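Engineer: Take this structure first; my questions come after.
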Amino acid sequence: MAYMVYAVSVMMGICLICVYRLIHFPSPSQERLQRWAWIGSFMAVLWFTLYWLITQSVRFNPIYRFTFKHRLSQRYEKVLPNVDIFVCTADHTVEPPLMVINTVLSIMAYDYPPEKPSVYLSDDGGSELMFYALLEASRFAKYWLPFCKKFKIEPRPPATYFETICKALDDPTMAEEWSSIKKLYEDMKKRIDSTTKVGQIPEEIRKQHKGFQEWDLVLSKHDHPSIIQILIDGRRECSRVWILKKKKEKKEKKQQCQLWCTWHVRRVPTITTTSKQEPSIPLKATSIYMYILHIHTYIRVSSRISNGPVILNLDCDMYSNNSESVQDALCFLMDEEQGHRIAFVQFPQTFDNLTKNDVYSSSLRVISAVEIAGFDANGGPLYIGTGCFHRREALSGMKYKKDYKTDWTVKNDRKVEESTHVLEETCKVLASCSYEQNTQWGKEMGLKYGCPVEDVITGLAIQCRGWRSVYFNPERKGF
Ligand SMILES: O=c1ccn([C@@H]2O[C@H](COP(=O)(O)OP(=O)(O)O[C@H]3O[C@H](CO)[C@@H](O)[C@H](O)[C@H]3O)[C@@H](O)[C@H]2O)c(=O)[nH]1
């Protein structure tokens with residue numbers, strides 16, 4: 001409503017300017033130059049009016065959607081699909097490992113059957129420090145996940161949670177566990193911070209996991225073989241979850257923790273236009289190119305490991321703020337009437353640490369509250385990168401057909417029998433940067449190369465293949 005009042009007032013202003021320009025049109029007796037200057041200004045006003053009207057046609061008809069998650073659980077409890085979640089990071093100096101693992105922990109803690117999500121973290125920077133932080137996170141997760149689920153806390157990245165709730169709560173059971181888990185987090189934070197400060201992994205830590213040996217072959221950030229490590233193998237690991245209570249009552253509970261945590265680094269292509277081995281990349285577009293390669297690698301590697309029919313991609317600084325976002329997205333993708341046509345569900349991006357009164361408009365309020373919701377009513381929102389749930393088939397290039405239906409039971413049936421080691425080794429081929437040569441990756445499959453806004457054009461290409469998209473902006477923000 002407020003937006004309509006604003007838009008009408010601007011429109012009135014534009015009309016008054018047009019009337020003024022017409023009434024005071026210079027007479028033929030006035031100088032020629034003055035007349036042409038007047039005509040030029042008038043044309044500019046007309047052009048702006050046209051632009052304004054076209055943009056308003058989208059903004060005046062937004063769609064605001066709601067979900068009924070309890071119905072989803074009632075109807076599809078047994079066939080809820082596996083979800084593969086991709087987190088990208090590129091440089092541990094600007095994207096600190098502690099921030100990245102907070103994002104990872106927040107998505108591992110989704111309120112979703114624990115055997116269904118698979119979390120993948122990929123580091124373009126090839127940093128051993130990031131791997132160490134993730135190793136620490138995979139250990140901490142065994143305490144953090146049950147704590148989140150038991151007390152239904154929000155939000156679920158530990159750093160943000162302990163900043164918001166800075167003292168133990170009234171409930172004595174919770175207070176006790178709260179203090180223990182906070183201590184565990186603080187200890188982990190100290191270890192990660194001190195290692196990051198030194199910039200090297202001490203020898204005794206390197207011995208703790210075979211994954212560190214992979215760095216023996218790393219020559220530089222830009223020249224190394226692919227590294228893939230599975231930190232939690234959800235199929236076999238009967239992970240022990242300690243419920244943190246008084247020593248006497250300390251319970252040991254067995255729980256099948258089905259979370260994969262895969263971490264990989266790819267050999268980064270050398271940026272030379274002469275190399276036949278490597279695809280030629282316009283120099284300015286390299287970080288976009290690397291990001292797209294990242295996502296393609298994820299699609300291929302995850303198809304070999306978990307092959308979830310639904311994919312969520314996230315920037316490493318976009319933690320999950322709502323533990324029920326997966327169910328929200330599935331309400332659209334699994335909808336009996338319309339769901340089979342929907343390729344992706346886009347959530348808005350929300351930001352912390354804005355300036356007072358948001359003077360620079362960094363919260364993107366108009367875009368997220370009005371503009372993308374308007375696109376939703378006019379053919380579907382754009383894909384804007386992070387916070388987007390994709391149907392794997394649509395992202396992999398499949399065209400929509402009228403008789404297309406998803407059988408979610410079949411999609412969950414796939415069993416992978418190979419050992420963790422075999423999977424790690426076979427996936428290295430899929431993560432190789434030369435894998436895409438002479439293929440349709442980047443053209444018909446995955447994200448599109450060649451444009452700085454790869455997400456937007458990829459979304460449009462998906463829509464051109466017959467799919468629809470949905471925008472969902474819940475009251476409790478998803479990311
Ligand atoms: O070479 C690179 C550069 C970046 N990234 C990762 O890509 C993500 C986004 O990078 P960022 O520098 O934050 O770019 P932004 O322009 O802020 O990202 C916005 O715009 C992109 C479109 O270009 C979208 O894909 C993103 O989701 C969206 O948040 C981050 O997790 C990075 O770690 C890589 O993996 N490799």
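The values are calculated or read from the model by the stated rules, or taken from the named source; none is laboratory data. Given the structure is predicted, the values throughout are model-derived calculations rather than measurements. Please note: Cβ atoms are built from the backbone with ideal geometry, for glycine as well, and neighbour counts cover all protein chains shown. Accessible surface is based on the protein model in full, side chains and every heavy atom, while ligands, DNA and RNA are left aside. Shrake-Rupley method; radii C 1.70, N 1.55, O 1.52, S 1.80 Å.
Engineer: Over the range 378-479, what is the relative contact order in whole percent, taking alpha-carbon pairs under 8 Å and six or more residues apart?
Structural biologist: Details: 61 pairs, mean separation 54.5, N = 102.
With pairs under 8 Å counted, the relative contact order is 53 percent.
Engineer: Gain in length, K152 to E31, computed as 0.36 nm per residue apart minus the alpha-carbon separation, to one decimal in nm?
Structural biologist: Values: separation 121, 0.36 × 121 = 43.56 nm, distance 7.55 nm.
Full extension from K152 to E31 adds 36.0 nm.
Engineer: A further question follows. Using all alpha carbons of the chain, what is the percent of pairwise distances in each 20 Å bin, ordered from the shortest bin to the longest?
Structural biologist: Taking every Cα pair in the chain, the percentages come to 21, 51, 22, 6, 1, 0.
Engineer: In addition: Label point 7 Å out from K221 along Cα-to-Cβ: which residues of the range 97-120 have amide N under 16 Å?
Structural biologist: Within reach of a label on K221: 97.
Engineer: In the chain, what percent of the accessible surface is made up of carbon and sulfur (1.4 Å probe, ligands and nucleic acids excluded)?
Structural biologist: Numbers: 14000 of 24250 Å².
Carbon and sulfur together cover 58 percent of it.
Engineer: Within the range 372-433, which trypsin sites (Lys or Arg not before Pro) sit in a loop by DSSP and count at most 15 neighbouring Cβ atoms inside 10 Å? Spell out each step's value before the answer.
Structural biologist: Working: sites: R391, R392, K399, K401, K402, K405, K411, R414, K415, K428; in loops: K399, K401, K402, K405, R414, K415.
Sparse-neighbourhood loop trypsin sites (Lys or Arg not before Pro): K399, K401, K402, K405, R414, K415.
Engineer: OK, next. Would you give the gap between the C-alpha center of the range 363-441 and the C-alpha center of the range 65-142, rounded to a whole Å?
Structural biologist: So the two Cα centres are separated by 16 Å.
Engineer: How high is the relative contact order of the chain, given as a whole-number percent (alpha carbon pairs under 8 Å, six or more residues apart)? Spell out each step's value before the answer.
Structural biologist: Working: 730 pairs, mean separation 104.8, N = 479.
Relative contact order of the chain: 22 percent.
Engineer: Which helices of the chain meet both criteria: a Cα extent of 30 Å or more along the helical axis and a mean Kyte-Doolittle score no lower than 1.6, with helices taken as whole DSSP H segments?
Structural biologist: On the way: long enough: 2-23 (32 Å, 1.94); 32-59 (40 Å, 0.53); 128-151 (34 Å, 0.30); 172-198 (39 Å, -1.01).
TM-like helix candidates: 2-23.
Engineer: Nearest-5 percent of antiparallel DSSP beta bridges in the chain?
Structural biologist: The antiparallel proportion sits near 40 percent.
Engineer: Okay, moving on. For N353 and V429, compute 0.36 nm times the residue count separating them, minus their Cα-Cα distance, and round to one decimal in nm.
Structural biologist: Residue separation times 0.36 nm, minus the Cα-Cα distance, leaves 23.3 nm.
Engineer: Which stretch or stretches of the range 83-121 have amide N atoms under 17 Å from the point lying 7 Å from T173's Cα along the Cα→Cβ direction?
Structural biologist: Hits in the range 83-121 for T173 at 17 Å: none.
Engineer: Can you pull the one-decimal nm distance between simple spin-label points at T93 and L46, each 7 Å off the Cα toward Cβ?
Structural biologist: In this crude label model, T93 to L46 measures out at 5.5 nm.
Engineer: Show me the trypsin sites (Lys or Arg not before Pro) within the range 116-160 that DSSP assigns to loop and that have at most 12 other Cβ atoms within 10 Å of their Cβ. Before the final figure, lay out each step's value.
Structural biologist: Details: sites: R139, K142, K149, K150, K152; in loops: K152.
Filter output for the range 116-160: K152.
Engineer: Can I ask one more? Rounded to the nearest whole Å², what accessible area per residue is found for the chain with the 1.4 Å probe?
Structural biologist: Numbers: 24250 Å² over 479 residues.
With the other protein chains kept in place, the chain gives 51 Å² per residue.
Engineer: Could you calculate the FRET efficiency of K401 with N61 from 1/(1 + (r/R0)^6), where r is the beta carbon distance between them and R0 is 51 Å, rounded to 0.05?
Structural biologist: That pair, K401 with N61, gives E of 0.95.
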